[in-house]
Amino acid sequence: MKITPQNIIHNELIGLDTEVVDSTNPFLVGIGGRVIDETRNMFTVDTGEREKQVSKSGSSFIFTIPPIDGKRYLPLKIKVDGRLLLSQPENRIQTKFKKKFRK
């Protein structure tokens, strides 16, 4: 399955480049690198110098999706609220989120 902005929370995030753009912990803002591990509440990000643990809750991430097909030539950047990612990766990939419409 190709990763799109609509289905990113249902895909594997390990191996994607990410950057923390907003967090309740100001020391986490600006951390960027490749996601090398994921648990229910945390990402492990390889920054090139060292591995850092980043909490999903209270943080927002920008994931960089590399171009896969011939239609898109530039990497795609997608901002995701960490609260949407709070679950075990194997369970998050299998679940279906219902869209809530306001009347």
Exposed chymotrypsin sites (Phe, Trp or Tyr not before Pro) being those in a DSSP loop with at most 15 other Cβ atoms within 10 Å, the longest stretch of the chain free of them is 28-72
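Test of understanding: ordering Leu84, Leu74 by Cβ neighbours within 10 Å, fewest first, what list do you get?
So the ranking, lowest neighbour count to highest, is Leu74, Leu84.
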Magnitude of the Cβ-charge dipole (Lys and Arg +1, Asp and Glu -1) of the chain about the Cα centre, nearest 20 debye, reported as 880 debye
Residues Arg34, Arg50, Arg83 in order from fewest to most other beta-carbon atoms within 10 Å are Arg50, Arg83, Arg34
Taking Lys2, Lys56, Lys77 and counting other beta carbon atoms within 10 angstrom, the fewest-first order is Lys2, Lys77, Lys56
Relative contact order of the stretch 8-86 (C-alpha contacts under 8 Å, at least 6 apart) in percent is 27 percent
Residue separation between Asp46 and Gln94 times 0.36 nm, minus their alpha-carbon distance, gives in nm 14.7 nm
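Every number here is computed from the coordinates shown, using simple stated rules; none is lab data. Note that the structure is a prediction, hence the values are computed from the model and not measured. A quick note on method: Cβ atoms are made from the backbone with ideal geometry, for glycine too, and the neighbour counts reach across all protein chains shown.
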